[in-house]
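Encoded as structure tokens, the structure appears first; notes follow it.
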Amino acid sequence: MNKPRVDLIPVENMSDKQKHVYEKFPSNLTRALLLTKCSAGPHLALGGAITQGYLNDFEREIIVMRVAKLVDSEFERLIHYPLAIKAGLSEKEIDDIERANYQDMPPKRQAMVRYISECILEGKASASSFRQLNEFYTQGEIADATHLAGHCWMTAMYLSSLDIPLDENLASWSRLTELNE
């Protein structure tokens, strides 16, 4: 990755309000989001809120790993690969998700990967993909899946467009839900 196209705010120069947000997710992503007038906290809070939605960790990580591959997001893959393993996906299953190797997936996962792929690549899933996904998931789960895919895509686009470097250490998601309190 190149030098960032923007100057990231040094921690020592952050206002108290900015530090409050940064401390919830100390990362270059947060430092980059703090360049916006008022989007950093809400963006991170949305990421935290999605973890409390209808989808379990296993399902969420299937989505994130597929989006990360489709948009070539090093950040999403770096953060979420260990989470996907922890959620119960094997390295082979992750590889199948990333490659859209449908023949080695159970039908439920095929439906999710196909739906998410269309959302990201076409900007909209087809009616047939929605119907197929709805055989396995509720409307609330599909809404959460769609929202998560869009959030991952937006984060990846933001980081890559501004050439924000990956962090040397993994940041923890554990405090993000505090931004919703």
| In the neighborhood of LEU121, defined by Cβ-to-Cβ distances under 13 Å, what is the net charge if each Lys or Arg adds +1 and each Asp or Glu adds -1? | +1
| query | So what are the ³J(HN,Hα) numbers for the range 25-38, from phi and the Karplus equation (6.51, -1.76, 1.60; θ = phi - 60°), rounded to whole Hz, Gly and Pro as x? | reply | 8, x, 7, 5, 4, 5, 4, 6, 5, 5, 6, 6, 5, 8
| query | For the chain, modelled as a GNM with alpha-carbon contacts under 10 angstrom, which of GLU135, GLU93, GLU74 fluctuates the most? | reply | GLU135
| query | Could you give the accessible area per residue of the range 56-162, probe 1.4 Å, as a whole number in Å²? | reply | 49 Å²
| Let a ≥ b ≥ c be the square roots of the eigenvalues of the Cα gyration tensor of the range 100-162; is it rounded (a/c under 1.5), or, if not, prolate (a/b larger than b/c) or oblate? | prolate
| task | Mind sorting out which of [x] 67, 27, 18; [y] 124, 19, 8; [z] 30, 17, 15 is the real semi-axes √(5λ) of the Cα gyration tensor in Å computed from the coordinates? | result | [z]
| request: Assuming a ≥ b ≥ c are the square roots of the Cα gyration tensor eigenvalues, decide whether the range 56-162 counts as rounded (a/c under 1.5), prolate (otherwise, with a/b larger than b/c) or oblate. | output: oblate
| remark: In the range 1-72, the trypsin sites (Lys or Arg not before Pro) that sit in a DSSP loop and have at most 15 other Cβ atoms within 10 Å of their own Cβ are ARG5, LYS37
| task | Using a 1.4 angstrom probe on heavy atoms only, work out the carbon and sulfur share of the accessible area of the range 30-181 in %. | result | 51 percent
| request: With a 1.4 Å probe and all protein chains in place, put PHE25, PHE136 in order of accessible area, largest first. | output: PHE136, PHE25
| remark: Listed residues THR36, THR138, THR146; largest mean-square fluctuation, Gaussian network over the chain with Cα springs below 10 Å, found at THR36
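The values are calculated or read from the model by the stated rules, or taken from the named source; none is laboratory data. This one's a predicted model, so the numbers in the text were calculated from it and none came from an experiment. Virtual Cβ from ideal backbone geometry, glycine too; neighbours counted across all protein chains shown. These accessible areas exclude ligands, DNA and RNA; they are computed on the full protein's heavy atoms, side chains included. Shrake-Rupley method; radii C 1.70, N 1.55, O 1.52, S 1.80 Å.
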